[in-house]
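Here the structure is laid out as structure tokens; the discussion comes afterwards.
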Amino acid sequence: MVFDKELDENLKVCTHCHYHFPISARERIHSLVETCTFEEMDADMTSVDVLNFTGASSYTSKLEKYRKSTGLKDAVLTGIGKIGEHRTALGVMDFTFLGGSMGSVVGENLFCLIETATEKRLPVIIISTSEWMRSREPMGK
């Protein structure tokens, strides 16, 4: 048995078996930056289904489902925060939002983050999460 308090104190890593529990983008940012220093960028950008994807459910309905379940507008949070004394541009993806899929908004958010960091001469840290492989076939076959 592992208590939530113990997991929180150890950044969601079990001290007994060393299993890494999932961590949200907001939790990751909170663990990295100094308290109250993170200023989110482009928080109003949202994906749209310009290609009209079809399948078991529409892409638009999937986006809405993940927005409700995660509280995020897309699979990445970007902004500027302080790590120690250093202002740093952060892009943190969240696997719980469509497996960290990199749609157009994720790409645009990261582009804007890098552009802003370049203008302000700030270091950039991008924490990427995504599905590992969609195919179950071993590589090379």
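The values are calculated or read from the model by the stated rules, or taken from the named source; none is laboratory data. As the structure is a computational prediction, the values presented were derived from the model and not from experiment. All Cβ positions, glycine included, derive from the backbone under ideal geometry; neighbour counts span all protein chains shown. For the accessible areas, the whole protein counts, side chains as well, though only heavy atoms, and no ligand, DNA or RNA atoms are used. Shrake-Rupley method; radii C 1.70, N 1.55, O 1.52, S 1.80 Å.
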task = Place a +1 charge on the Cβ of each Lys and Arg in segment 55-115 and a -1 charge on the Cβ of each Asp and Glu, then give the dipole magnitude about the Cα centre in debye, rounded to the nearest 20.
result = 240 debye
query = Quick one: how many Å² of MET45 are accessible to a 1.4 Å probe, rounded to 10?
reply = 40 Å²
query = How far is it, in nm, from the label point at GLU119 to the one at GLU9 when both lie 7 Å from their Cα along the line to the Cβ?
reply = 4.4 nm
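Estimate the FRET efficiency between VAL2 and SER69 by the formula 1/(1 + (r/R0)^6), using the beta-carbon distance for r and 22 Å for R0, to the nearest 0.05.
0.40
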ask   = Straight-line reach from LYS73: which lysines have Cα under 19 Å away, leaving out those fewer than 8 places along the same chain?
value = LYS62, LYS65
task = Starting from the Cα of HIS18, step 7 Å along the direction of its Cβ; do the same at SER31; then give the gap between the two resulting points in nm.
result = 1.6 nm
message = Under the rule a/c < 1.5 gives rounded, and otherwise a/b versus b/c splits prolate from oblate, where does segment 71-121 land using the Cα gyration tensor?
response = oblate
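Could you tell me the calculated FRET efficiency between ILE83 and GLU39, based on Cβ-Cβ distance and R0 = 22 angstrom, to the nearest 0.05?
With R0 = 22 Å, the Cβ-Cβ based efficiency is 0.95.
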inquiry  = Let me make sure I get this right: for the chain, a, b and c are the square roots of the gyration tensor eigenvalues over alpha carbons, sorted descending. Under 1.5 in a/c it's rounded, otherwise prolate if a/b > b/c, else oblate. Which is it?
reply    = oblate
